[in-house]
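Below: the structure, in structure tokens.
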Amino acid sequence: MTTKKDLYIRPNIAQLEPYSTARDEYKGGDMSIWLDANESPYDNGVNRYPDPHQKALKQQIAELKGVAPNQIFIGNGSDEAIDLCFRIFCEPGRDNVVSISPTYGMYSVAAAINNIAVREVPLAEADYGLSTSSLLAAADEHTRLLWVCSPNNPTGNAFSLSQLEELAEKFDGVLVVDEAYADFSSEKSMLTVLGDHPNVVVLQTLSKAWGMAGLRLGLAFASPRIAELFARVKYPYNVNAPTQQEVAHRLQTEPHDAHVAEVCAEREWLSEQLSALPCVERVFPSDANFLLVKVTDPDGLYARLVEKGIIVRNRNRVKGCEGCLRITVGTPEQNRVVVRVVGER
Ligand SMILES: *Cc1c(COP(=O)(O)O)cnc(C)c1O
């Protein structure tokens, strides 16, 4: 293994004295009169500030995911975790990051907001495979982050754990693996080897398989050292109290496994059905809850679907996805409507 320099952390972040909340300063026993935070004393269910450390929720997620609570960051969607990666590790106007292409659009948006250059390394044309050597070769001494989304949005394929571990070992910076779709994948999660890689951040979300997109809850998992940096830089009350409570409840009651199993079965059915239709040139293999479908007339088919009240994602103008629509797997009934409409072309 190559010996690495210490993780680069922006000096202003490394030296940051974080905001101390009213509740941080008192760590004692049972108190019943809270006059420390200028809240309203009239109990209406939301008059108190939420737990800034989300302790109860972290404990629950730690058990669910098999990690320690001090390895978890909970954010207002994955978007918050993505932005924090730039703010913690990248010096605006100077540093850069490497990412695969095509991939999820938020990495480059967050990079642009933070004035960080993105070096995009195209995936293989034939099968959207990843070249570890090309990704590593794109990095220089100012490359702080390496972004790999697996399963990748919008291509749908997952990368092997061995490729991702190779990147973690050889890259002299932080490897961010976005596993928003991991629940639908047959590849092993990077979480299973998180303890071996102090320079890895794994992003997950409750927005997809868990069915809680409306609640806005994203997760980052990392070494305790990196998780502590996230905790310092985030807004103190970034996850509101109703969300913390609602998520805690739904993690125990949502039929997650049954929904994932049905979506995966429907994905295979939809893929087979679409593949057989005349206007479909190719359905790419998917480890996610969507299919990237190459068709003869993407803009025409997109418009036809809209006429029928069906919205999919037109990826025809995305580099590397020319001719493609991205179709989320719906309920069995919805998928049958899609197949019927696409079949009419
Ligand atoms: C949908 C998605 C997310 C989830 O974002 P949230 O802000 O948590 O809703 C993250 N990464 C990728 C690649 C996605 O497609």
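FYI, it's all coordinate maths here, none of it is from the lab. As the structure is a computational prediction, the values presented were derived from the model and not from experiment. Reconstructed Cβ throughout: ideal geometry from the backbone, glycine too, with neighbour counts over all protein chains shown.
Between G211, C264, L305, the Cα set farthest toward the positive side of the dipole of the stretch 186-345 (charges on each charged residue's Cβ, about the Cα centre) is that of L305.
Across all Cα pairs in the stretch 123-193, the calculated P(r) in 10 Å bins from zero up to the longest distance comes to 20, 54, 25, 1 percent per bin. Spread over its residues, the convex hull of the C-alpha atoms of the chain is 159 Å³ per residue. Extension gain, T253-E307: 0.36 nm per intervening residue step, less the Cα-Cα distance, totals 15.8 nm.
Of the GluC sites (Glu not before Pro) found in the stretch 137-242, those in coil by DSSP whose Cβ has at most 15 other Cβ atoms within 10 Å are E141. Between R282 and D51, residue separation times 0.36 nm minus the direct Cα-Cα distance comes to 78.3 nm. Say R0 is 51 Å: what FRET efficiency, to the nearest 0.05, do E25 and V193 get from their beta-carbon distance? That pair, E25 with V193, gives E of 0.85. Distance between the 7 Å Cα→Cβ label points at D299 and E166: 4.0 nm. Here K308 is the anchor, and the lysines within straight C-alpha reach of less than 26 Å, apart from those fewer than 8 places off in the same chain, are K208, K294. Take the Cα of A137, step 7 Å along the line toward its Cβ, and report every residue of the stretch 82-123 whose backbone nitrogen sits under 14 Å from that point. Taking a point 7 Å out along Cα→Cβ of A137, the residues of the stretch 82-123 whose backbone N falls under 14 Å are 121-123. Between A265 and V337, the contour length at 0.36 nm per residue exceeds the alpha carbon distance by 24.3 nm. Helical content alone sets the calculated 222 nm signal of the chain at -10000 deg cm²/dmol, taking -39,500 (n - 2.57) per DSSP H segment of four or more residues and averaging over every residue. Using Cβ point charges alone (K and R +1, D and E -1), the dipole size of the chain about the Cα centre works out to roughly 480 debye.
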